[in-house]
Amino acid sequence: MADAIVNLALEQLVKITARRIVEEVRLVGGVKKEVKKLRSNLEAIQAVLLDAEERQIKGDRDVRRWLDQLKDTSYDMEDVLDEWNTEIMRLQVEGDPEDAPAPKQKVPSFFPCSCFGIKEVVLRRDIAGKIKELNKELDNIAKEKDAFNLKKMKSTKARKQVQTTPFVDVAEIRGRVSEKDFLVSKLLDERNEEQKDLPVISLIGMGGIGKTTLAQLAYNNDKVKSHFDTRVWVCVSDPFDEFRVAKAILEGLKCPTDNLGELESLLQCIHQSITGKKFLLVLDDVWSEDHNKWESFYLYLKNGSYGSKVLITTRSDRVALIMGSVDPIIMEKLSEDECWLVFTQFAFFGRPLKECKKLEKMGKEIVAKCDGLPLAAKTIGSLLRFKRPRDKWQQILDSEIWTLEEIEEGLFSPLMLSYNDLPFEIRQCFLYCAIFPKDHDIKKDHLIKLWMAQGYLGFDNDTEMEVIGQEYFDHLASRSFFQEFQKDDDGNIESCKMHDIVHDFAQFLSKNEYFTVEIHHDLVINTSNEKARHSMLTLNYGATLPISICSIKSLRTLLTDCEDSERSMYSLPDDVLPNLFGELTSLRALEISPKFGRSDLITAIPEEVKKLIHLKYLNLSGQDVEELPETFCELYNLQTLDISRCMRLKELPEGMGKLINLRHLMNYHTNSLSYMPKGIEKLTCLRTLSEFVSSSDGSNATLACLKDLKHLRGKLEIRGLQNVTNVSEVKRMQILSNKEHLFYLILTFNESAEATYFGYAREGERKIDDDELLLKALQPLPNLEKLDINGYRGSTFCSDWIMSLTGLRELLLGCCNNCMHLSPLGKLPSLESLRIYEMRVKKVVTGIESDGAFSSSTSVILFPKLKVLEFSSMSEWEEWDYGNTILPCLASLSINFCPKLRALPDALLQGAKKLQHLEISYSDLLEERYRKGTGEDWQKISHIPNINFNDSYLQGGPFPLR
């Protein structure tokens, strides 16, 4: 929508002209006047934009055409302003060119001509000319608006409007109880023993009626889970792409698809994979009425065992008939009472009962307008949850939007009411989600970084844009624009999806600005839409990035979703990337990365990358690049660089310090990277630095460079600590003491020590005392929650700062070959998980033995909150000294690859009352001793509910903590 684009351009203009660097940026002559006029025009247009947006929704085609013209001009304006700002940054970073000849003729410029050569002056004159041309266009647009008699309406700023109330995450739906029970019974029904064909059950109903939700409830029903050997869920949508659907089925069956490039081979693999299995296949949102497409699938699916079922959801009874569905379930609209229950779940969430009673009559009138559609009730309820006064509810009830013919489908009316209530900044964030295909798993952090790249979260580097993005995401979630949330162990949202109707609505509002395409082999992109701004391409088996994409020069986002294996890709032709970098110069976000693993699609980055001057987000993760060219460091606007899993990357450009706007350098699993270049300490905006590699070469960045990166947050791994020689400097600099938002720290002292999982490390020249002194010097703030220490050669962990980590929840110790006494760690009050691998010791002490201070009956509580304890690859470990100790919360114990360990401590097995899961693998002596029924000490462990030996459960089953 145009209002958000205009506001972005105006905000950027204000930012640039407000920068107080008069000596370096001088607006002389007519240019200063042009900039003032540009701002005046934008502000005049901005004042009437809300009325114009409403007029176009009501069907005013002239206003719609005017808004489209305004939007295009605003995009061009943003490009010019960004170009101008980039020049300012370049001057700040590189300084005045040495011995630059003064120009012989006088030309208009933003900058003192004496500071630049001819090239610089011409460039600045070009920007000035572009601003004058934009003003001419904006003049015409501003004059034309007067003919529409648009009213001035004041918009609100998001930062004042975002509310922090948590969103309502509803697992169950109200109503539909009888339909759910009936559907479950049909899935479990096997009474018709004569039936030979594979049954197809269908849920039929209009969009937003709750088909997918009902199917999910049945799919996740405990009886259904235990009834079928395997279950697969596939979102089909439109068009019905047989290749994608077949591949999705195989992925659901946990079958590799790397070498399967033809539909027939995929179907054959499905046929073999379901042999003898009772399966449930859900095909969600089927549209295609092509019988032939379904028939080929059906023939191969009939190889499953008796009792297998296919469940489809569709809006069309004809589709159900074509797919051979018998006795379909027709989903009717909710009754008013059921719709009211859905509505109140959201609208009355957290309200006092007295207030709910006052709003009940008006609420029921609004629910009547939802026409029995649960998605409509949920959406409008989420909107009204934030409307306290009665008059705000009355405005929603009386809105014209309920009756507008332009609003397609009944569901778009409540969505439009909720959308119009969003601040303009958040509207743009919502519309951006149209770039993803339907049913796409949207990663929250990924989405926020993409919003940031488009300028939706502001332009000020001193602002925590990531925090603003989190607020915007939560705001959209609270309004029910997102659903199906996936959360981490701490309850934080990691990903979500959009309902297909909500996705349709976003596409409806953004018209042709966003498009997604699946690429098969030599498919050519349709380049007729010159106004497309954002695109996501899915590269399937054998496909490569099409050169035709380079002709859509207006693109600001290009995301590619590649196959997971390098065997699935062809390398790009040599001319594709130079052309892409040379033509798509408006790009703000570029992503060429596989979902997981690695790809050989890109093996080299050409120097032409410097032409992407607007680029703020670049994801090359998983590619086979060995180096980045020095011209890469001319991307002064870059905010996010993801080079994770670039396993062959040997070095970063020496000029990395020029990337002064870089906020996220994601470089985990770049094992070939042996040092960080000097100048990295200049990247003071960094919030994310996955790995810092310390080098022994003085010409590279030293550990002290971390001191200035005070904004680092989340997770940081420091590798190459074996190269640190000046421990006193590290201690003096206190390099980690100013990082209050760092919660996860990984310290790798000797990388050769973890080069192999089962073998022994080669001892280096470094002294044991050096590691102990360095560990003490690397003191972080006490709010650390997770800590990994690898390759440490000290004999003790009794560092004062480790004992001060009162909030530490997880600790991993790897290849710490000289440590055997773990008892001091037992004093950590919050530790919940302790994992230890590859320690070359014969004895491990976790407890405190009885001595003069304790009687034989005295027990000591250590590790008061420890739930998970794991030992792996301790090939010399023979004895576990547990002492007279209690681990009151221990729930899971794992012993893997410990072949010489003779026994588990009796005191542990008797005292750990909450122990629920015991896992032993590749530990022959233990397996013999505790073998079920025949082992001499089986009775000592038989009370544990879940016991697993070598990936086989002797009793019980998987435990949630594992």
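The values are calculated or read from the model by the stated rules, or taken from the named source; none is laboratory data. Just so it is clear, the model here is predicted, and its values are computed rather than measured. Reconstructed Cβ throughout: ideal geometry from the backbone, glycine too, with neighbour counts over all protein chains shown. Quick note on the areas: whole protein, heavy atoms, side chains included, nothing else; ligands and nucleic acids left out. Shrake-Rupley method; radii C 1.70, N 1.55, O 1.52, S 1.80 Å.
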So for R0 = 35 Å, FRET eff. of residue 741-residue 484 from the Cβ-Cβ r, to 0.05, ends up at 0.75
Descending packing, highest mean Cβ count within 10 Å first, for 274-281, 329-336 is 274-281, 329-336
With the 1.4 Å probe rolled over protein heavy atoms, the stretch 379-523 has an accessible area per residue in Å² of 35
Descending packing, highest mean Cβ count within 10 Å first, for 935-941, 835-841 is 835-841, 935-941
Ranked output for segments 411-419, 648-656 by mean other Cβ atoms within 10 Å, highest leading, reads 411-419, 648-656
Residue 928 and residue 697 label points (each 7 Å along its Cα→Cβ direction) are spaced in nm at 5.2
Mean separation of Cα contacts under 8 Å (at least 6 apart) over the residue count of the stretch 383-510, i.e. the relative contact order in percent, is 27
Pseudo-spin-label distance residue 952 to residue 47, built 7 Å along Cα→Cβ, given in nm, is 8.2
